[in-house]
1. If you split all Cα-Cα distances of the chain into 5 Å bins from zero, what percentages do you get per bin, shortest first?
2. So what is the 222 nm mean residue ellipticity for the chain from helices alone, if each DSSP H run of at least 4 adds -39500 (n - 2.57) and you divide by all residues, rounding to the nearest 500 deg cm²/dmol?
3. In the Gaussian network model of the chain, springs joining C-alpha atoms below 10 Å, which of Ala23, Ala88, Ala106 carries the largest mean-square fluctuation?
4. Keeping every protein chain in place, order Asp216, Asp145, Asp150 by accessible area at 1.4 Å, biggest value first, i.e. largest first.
5. What distance in nm separates the two pseudo spin-label positions at Phe118 and Leu271, each 7 Å out from Cα along the beta-carbon direction?
6. Pick from Ala108, Ala247, Ala133: which residue has the top mean-square fluctuation in a GNM of the chain where Cα pairs under 10 Å get a spring?
7. Using a 1.4 Å probe over the heavy atoms of the protein chains, calculate the carbon and sulfur portion of the accessible area of the chain as a whole percent.
8. Between the stretch 136-213 and the stretch 27-95, how many Å separate their Cα centres?
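The values are calculated or read from the model by the stated rules, or taken from the named source; none is laboratory data. Keep in mind it's a predicted model, so treat the numbers as computed, not measured. Cβ atoms come from the backbone with ideal geometry, glycine included; neighbour counts cover every protein chain shown. The accessibility values were calculated without ligands, DNA or RNA, using every heavy atom of the protein model including side chains. Shrake-Rupley method; radii C 1.70, N 1.55, O 1.52, S 1.80 Å.
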Amino acid sequence: MSTVSTGSIDAAPRRKRVLIVYAHPEPQSLNGALKDAMREHLLATGHEVEVTDLYAQGWKSAIDADDFLQHDPNRRLQVIAASGRAYAEGALTEDVRREQDKLRWADAVILQFPLWWFSMPAILKGWIDRVYAYGLAYGVGEHSDRRWGDRYGEGSFAGKRAMLSVTAGGWRDHYSARGINGCIDDILFPINHGVLHYPGFDVLPSFVVYRSERVDAAQFERLRAQLHERLDGLWTQAPIPYRQQNAGDYELPSLRLKSGLEAPGTQGFRLHLRAE
């Protein structure tokens with residue numbers, strides 16, 4: 001499987017492989033229409049596409065002892081240790097192994113979901129919990145006083161790209177820097193930075209649809225055109241400029257950002273963005 005180097009831009013993009021992970025219970029929803037529009041456009045432009053439809057598959061959300069086929073039920077379950085053993089021994093359940101194969105296959109991953117209670121639906125969080133095994137998405141690389149693992153820009157998914165496609169019921173202003181819901185970039189930071197950048201993805205700016213319950217046919221056509229433009233830029237658009245953990249910006253072992261690297265007055269999540 002070939003991948004794109006971190007932060008690189010292809011002059012002439014070749015045929016790519018895209019995994020869409022879709023989380024909405026209603027096929028005729030706006031989320032369903034966006035998922036279908038993505039799949040159709042990517043196929044029409046020559047790419048390979050896999051869709052994981054979590055609700056249609058009846059995805060098991062909760063991680064528990066049943067996920068680890070060789071776990072002794074008489075022993076206390078330590079999820080991280082059990083995950084690491086099961087991943088190393090190929091002893092995870094078939095549904096989890098299938099999704100891990102898709103992640104290894106894909107050049108890019110798109111998560112399509114509605115923003116529910118300021119996060120992803122539980123079924124999608126359960127996909128992350130179960131598929132992101134120790135040894136695949138975390139627990140990778142050297143852990144010492146010199147290096148704290150291959151994380152945040154490195155790891156198993158380095159060289160791949162990822163993007164969120166999200167619907168929100170509120171107005172754009174509600175999710176602005178001064179909006180009552182908080183800035184959308186801050187709300188999505190734990191997913192973009194923690195779930196995607198952590199295991200190595202280059203993360204593109206999110207595609208967000210606001211006032212999702214009010215989208216009519218004419219508005220959807222405009223959204224579809226905007227989505228197609230974003231898909232055409234999956235391998236040319238610059239990713240969110242997150243700092244890499246092991247590139248020298250963070251102290252070890254505290255992993256605190258070194259003083260003086262940020263613009264004056266920068267606070268919060270924005271500290272972890274490189275100055276452009």
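1. 1, 5, 12, 15, 17, 17, 14, 10, 5, 2, 1, 0
2. Values: 7 runs with 74 residues, N = 276.
So the calculated ellipticity at 222 nm is -8000 deg cm²/dmol.
3. Result for the chain, Cα springs under 10 Å: Ala88 fluctuates most.
4. Ranked list, largest accessible area first: Asp145, Asp216, Asp150.
5. 2.0 nm
6. Residue with maximal mean-square fluctuation among Ala108, Ala247, Ala133: Ala247.
7. Details: 6910 of 13950 Å².
So the carbon and sulfur contribution to the accessible surface is 50 percent.
8. 19 Å
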